[in-house]
Amino acid sequence: MAQANRIQIRRGTQAEWETHDPVLFIGELGLDITNKCIKAGDGFSEWTKLPYIEETGLERIRSEYGD
């Protein structure tokens, strides 16, 4: 049986993210499961320094790359 490819997004609660405050790799996504929000890493900023991807940002991604 063929195995499907899987993409897994790094995830944690708001408290876990803030406690560990990791640096996400460039393009690595992190999901805050408490607030249901996503941040994208830049390779050098800690989690607490990164902005959440807002709906307008998601719309821009959709318009450039599709759903």
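Please treat every number below as a calculation from the coordinates, not as lab data. Values in this document were obtained by computation on a predicted structure and should not be read as measured data. Quick reminder, even Gly has a Cβ in these numbers, built from the backbone with ideal geometry, and neighbours come from all protein chains shown.
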State which residue pairs qualify: first residue touching a residue at least 12 places away in the same chain (Cβ under 8 Å) and inside the range 18-33, second residue surrounded by 15 or more Cβ atoms within 10 Å (Cβ to Cβ) and β-branched (Val, Ile, Thr) in any location, beta carbons under 6 Å apart, and separation of 6 or more residues or different chains. 29/38; 31/38
Restricting attention to the range 12-32, which residues are out of contact with any helix residue (DSSP H, G or I) (no Cβ under 8 Å at 6 or more places or on another chain) and either farther than 15 Å from residue 58 by Cβ or loosely packed, with under 12 Cβ neighbours inside 10 Å (or both)? 13, 14, 15, 16, 19, 25, 26, 27, 28
Looking only at residues that are under 19 Å from residue 8 (Cβ atoms) and assigned to a loop (DSSP other than H, G, I, E, B) in the range 28-42, which one is farthest from the chain's Cα centre (by Cα)? 34
